[in-house]
Amino acid sequence: MTKMKEHQIMCAEDLVQHQSIRKTAACFGVDESTLRYRLERKRQQSVDGRSLQPEACGPHEEVISRWMSGQENLPPGKRPEPVKALFETLVSEHGYEGSYKAVVRYVRRRTEHPPLRPFRRVETAPGAQAQVDWLETVVNVRDFGGPTRLSAFLLTLSYSRMWAVVWSRREDMLSWLHCHNRALEMLGGVPSILRIDNLKTGVASGAGAWAKLNEGYSSYARQVGFTVDPHRVRTPRDKGKVERRVRDVKTLQVTASDRFTDMDDLQGITWERILHRSRRLPCPVTGTDIHTSWEREKQSLSPLPEGLPEPFDVQVNREVKRDCLVSFEGRKYSVPYPWMNRTVEVRGCAGTVEIYGEGRKLCEFPRKTDCRLLVDQSHYDGGWDGGNEMTKAPAPLGRLGKQIVIPKSWEVEEPPRRSIERYVELVGTGR
């Protein structure tokens, strides 16, 4: 027999006055005989016999009452104990043999229901915020051999509701930053705040206001010019505007019947469909379509920095040694001499190693080369900004040094064949 809630029985009483009891039973998904039984018991005001039975926790009423009183008088800032702790105390110290759920029901019946808290609906100013999320779905791409599970990065402007979708095969740090670059380019600017999920590429630990950001992502955000705002844990409505677009992309914009040639084809068609759909959907804030609202909002977005940061999968801080070298991934890289004894950020990008100081790119090297020592001799010459009175340029190379020293140690050209007499002559003239 299907159980009906009290409010359902009350509604059924009114409905049977206007329609058959069979149709009413179908509305609540129960059998006709069940509804008749419930209505008859309500008419007779029958009492459920189970409510007259003694509660399993009854013999321990005094212990439970003391525990509940203690939870009500806690000092400020101290969290109450869980009911599980009470259950374990009853079992271990008072010989309780009932179930944990019986303890929960006993406490719940004697506790006031907490007041309901409505959630606030907010609308942000133009250019103030965008929300970010990932979705996973299966897309039929010929170059990948047919149906393939891909990830889509979504970035939605909170004011105009305009959104961008960037497809990716992975969700690692390189993909995360690459998708940021592409999405910001598609939307034509940088919002002041990005509200993100608590994924590891964005948040190292914690969540919400107590989140500790991933160091690499935090550095990227400073360089591009936005603030990261992680939402609270298990509260998807904190970024409901992008959550709405997730459903839209997954069910309307890319369907199971679509066939794509490659990733570029998928990306191009998705953007075309976004532009088309944005001209049809209304923006609830402005009353115009999303595309028109986006054109207005672009004026409030910060301009994209000249040359967006190269996506990277690792970033570390390193102190520059006296020989102007820093260590990274088993190799050593030179840094302009004014940064001696100072800390720089070393980033491992897709094919390069980039070194930053105070948010400014200082130099760049190829990554994971056979060469273990990558030295650029120009880093030891004068003319670099950022120095101080206590840091002077190293001694310059002499005429002989300029002829025998490699300008960039990882770019060694095949030396010309020379006789011993020519080397002797070279050394002699160099002195």
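The values are calculated or read from the model by the stated rules, or taken from the named source; none is laboratory data. Model, not experiment: these values are computed from the prediction. Note that each Cβ is placed from the backbone with ideal geometry, even for glycine, and that neighbours are counted across all protein chains shown.
Within region 324-345, the set of residues being in contact with a strand residue (DSSP E or B) (Cβ under 8 Å, 6 or more places away or on another chain) and closer than 16 Å to ARG372 by Cα comprises CYS324, LEU325, VAL326, SER327, PHE328, GLU329, ARG331, LYS332, TYR333, SER334, VAL335. For region 198-219, taking the residues that are touching a residue at least 12 places away in the same chain (Cβ under 8 Å) and part of a strand (DSSP E or B), the one that is surrounded by the most Cβ atoms within 10 Å (Cβ to Cβ) is identified as VAL203.
Candidates are the residues of region 173-188 that are surrounded by fewer than 18 Cβ atoms within 10 Å (Cβ to Cβ) and farther than 12 Å from PHE153 by Cβ; the one that is nearest to the chain's Cα centre (by Cα) is GLU185. Scanning for something over 31 Å from the mean Cα position of the chain (by Cα) and among the aromatic types (Phe, Trp, Tyr), does region 288-308 turn up at least one residue? No: zero hits.
A quick yes/no check of all residues on (1) touching a Phe, Trp or Tyr at 6+ places or on another chain (Cβ under 8 Å); (2) under 16 Å from LYS361 (Cβ atoms):
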residue	(1), (2)
LYS298	no, no
GLU306	no, yes
ARG318	yes, yes
ASP323	no, no
VAL326	yes, yes
LYS332	no, no
TRP339	no, yes
THR343	no, yes
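A single member of ASP258, ASP238, ASP248 is acidic (Asp, Glu), in a helix (DSSP H, G or I) and modelled with pLDDT of 90 or more, and it is ASP238.
Considering region 51-121, there are no qualifying helices (runs of 4 or more DSSP H) wholly inside with 2 or more residues that are touching a residue at least 40 places away in the same chain (Cβ under 8 Å), assigned by TED's automatic domain parsing to the domain that holds GLY240 and more than 29 Å from THR235 (Cα to Cα).
Residues that are at pLDDT below 95, more than 19 Å from ASP381 (Cβ to Cβ) and acidic (Asp, Glu) do not occur anywhere in region 346-357. Look at (1) in a loop (DSSP other than H, G, I, E, B); (2) in contact with a helix residue (DSSP H, G or I) (Cβ under 8 Å, 6 or more places away or on another chain); (3) buried (at least 17 other Cβ atoms within 10 Å of the Cβ) and you find that PRO305 fails only one, number (3). Just one of the listed residues (ARG222, ARG195, ARG234) is surrounded by fewer than 14 Cβ atoms within 10 Å (Cβ to Cβ) and in contact (Cβ under 8 Å) with a residue 40 or more places away in the chain, and it is ARG222. Scanning region 289-302 for residues that are buried (at least 16 other Cβ atoms within 10 Å of the Cβ) and assigned to a strand (DSSP E or B) yields one hit, ASP289. Here ASP143 fulfils each of the conditions (1) touching a strand residue (DSSP E or B) at 6+ places or on another chain (Cβ under 7 Å); (2) closer than 30 Å to THR261 by Cβ apart from (1). Scanning region 146-168 for residues that are touching a Cys at 6+ places or on another chain (Cβ under 7 Å) and either assigned to a strand (DSSP E or B) or small (Gly, Ala, Ser) (or both) gives PHE153, SER160, VAL166, SER168. Summed over region 278-288, the residues that are crowded, with 17+ Cβ neighbours inside 10 Å and outside any loop (DSSP other than H, G, I, E, B) give a count of 1. Residue-level analysis places GLY188 outside the set of residues that are modelled with pLDDT under 95 and on the phi > 0 side of the Ramachandran plot. Checked against the criteria, ARG360 does not count as basic (Lys, Arg) and modelled with pLDDT of 95 or more.
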